[in-house]
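Asker: My questions will all concern the structure given below.
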Amino acid sequence: MAEIFGFPNPVNEKAARSVAAGVVVLSVVGAITGWWVVLLVLAYGFAARVASGPRLSPLGQLATRVIAPRLGTAKLVPGPPKRFAQAIGLAFSGGALVFNLIGLQAISTVLLIVLAVFATLESVLGFCAGCFVFAQLMRLGIIPEDTCAACADISLRGKVSA
């Protein structure tokens, strides 16, 4: 089970940015159409990535196996902040799905637009807002430093371990 569930550490940032681009597309399509199936796919993808990284996520598989290898050498970044970011995405996409299903389209659309904005920042600029929040929570002592040694010590980056 540990091979199926568990988040990779380190993570290829190019794959993460590719996943974020897919999230932008799905979020925009969901916001425009209001189709609950698109929101279900989006929320499932986040849930799968929180639980197992790219292993159970179709978008994660596409990003890690097809897109990222074509973008050159992997750029490795710590995994725990990326998992935290995926959990935030799950909250937004899951919320959008629930609000959509109970008929509160406006709230669903707002959540999808916010998700699309932050996924765009990640995919285009490489700024992971969830990772930023993760770092702030570490600085405040809310997330223990041993959760991510490479996050707490910049000299360890590039030598990321579990």
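We did not get these values from a lab; they are worked out from the coordinates using the rules stated. None of the values given here were measured: they were computed from a predicted structure. As a convention, Cβ positions derive from the backbone with ideal geometry for all residues, glycine included, and neighbour counts pool all protein chains shown.
Asker: Tally Lys/Arg at +1 and Asp/Glu at -1 over every other residue whose Cβ is under 12 Å from the Cβ of ILE67; what's the total?
Answerer: Values: positive: LYS14, ARG17, ARG65, ARG70; negative: none.
Around ILE67, the charge tally is +4.
Asker: With everything on Cα atoms, drop me the angle between helix 13-33 and the longest principal axis of the chain, reported from 0 to 90° to the nearest 10.
Answerer: Tilt of helix 13-33: around 10 degrees.
Asker: Same structure, new question: Collect residues whose amide H, placed 1.01 Å from N in the peptide plane, falls under 5 Å from the amide H of LEU76; neighbours closer than 5 in sequence don't count.
Answerer: Residues meeting the amide H criterion: GLU13.
Asker: How far, in nm, would the chain grow between VAL66 and PHE132 when pulled straight, counting 0.36 nm per residue and subtracting the alpha carbon separation? Before the final figure, lay out the partial values.
Answerer: Values: separation 66, 0.36 × 66 = 23.76 nm, distance 2.75 nm.
Extra length available between VAL66 and PHE132 comes to 21.0 nm.
Asker: Where does each of 108-116, 14-22 land if you order them by average Cβ count within 10 Å, highest first?
Answerer: The densest-packed peptide leads the list: 14-22, 108-116.
Asker: If you line up the long axis of helix 129-139 against the longest principal axis of the chain, both from Cα atoms, how many degrees apart are they, to the nearest 10?
Answerer: Result, in degrees: 50.
Asker: Now, a different point. Given that just one value was derived from the coordinates, which of [x] 48, 38, 35; [y] 50, 39, 29; [z] 49, 33, 25 is Cα extents along the principal axes in Å?
Answerer: Matching the structure shown: [x].
Asker: Here is a further query. Looking only at PHE46, PHE92, PHE84, which one moves most when the chain is put into a Gaussian network model with springs between Cα atoms under 10 Å?
Answerer: Taking springs between Cα atoms under 10 Å, the residue moving most is PHE84.
Asker: Can you classify the stretch 4-74 as rounded, prolate or oblate using the Cα gyration tensor, where a ≥ b ≥ c are the square roots of its eigenvalues, rounded means a/c under 1.5, and otherwise it's prolate if a/b beats b/c and oblate if not?
Answerer: Because a/c hits 1.5 or more and a/b fails to exceed b/c, the stretch 4-74 counts as oblate.
Asker: May I ask for the angle, rounded to the nearest 10°, between helix 36-52 and the longest principal axis of the chain, with both axes built from Cα atoms and the value confined to 0 to 90°?
Answerer: Tilt of helix 36-52: around 20 degrees.
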